[in-house]
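What follows is a single structure, written as structure tokens, with notes after it.
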Amino acid sequence: MADLIVFRCPQTGMNVQTHLEKQQIPEGRSFESFACPACTRIHFIDLASGQPMNRER
């Protein structure tokens, strides 16, 4: 079942929402690419937390 995920676009600072499958991933992280409608760039969303990839991850 897809969850509504809301995150802040790192390029524009706008809140963006999308439907992605959240997953329970015990080992490591799994990211899915997503074309952002706010800036038209590709962001990677962590499927476990629903947060965008940043420099710390």
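Run Gln24 past the list (1) at pLDDT below 85; (2) polar (S, T, N, Q); (3) open to solvent by less than 90 Å² (accessible area, probe 1.4 Å) and report the number of the one that doesn't hold.
Result: Gln24 passes all but (3).
From the list Glu56, Glu32, pick out the single residue that is surrounded by fewer than 15 Cβ atoms within 10 Å (Cβ to Cβ) and at pLDDT below 70. Spell out how you get there, then give the answer.
Numbers: Glu32 fails: at pLDDT below 70.
Matching residue, one of Glu56, Glu32: Glu56.
Tell me which residues, restricted to segment 35-52, are at pLDDT below 80 and aliphatic (A, V, I, L, M).
Of everything in segment 35-52, those that are at pLDDT below 80 and aliphatic (A, V, I, L, M) turn out to be Leu47, Ala48.
The values are calculated or read from the model by the stated rules, or taken from the named source; none is laboratory data. Quick caveat: nothing in here was measured; it's all calculated off a predicted structure. In this analysis, Cβ positions are derived from the backbone assuming ideal geometry, glycine residues included, and neighbour counts consider all displayed protein chains. Accessible surface areas use protein heavy atoms only, side chains included; no ligands, DNA or RNA. Shrake-Rupley method; radii C 1.70, N 1.55, O 1.52, S 1.80 Å.
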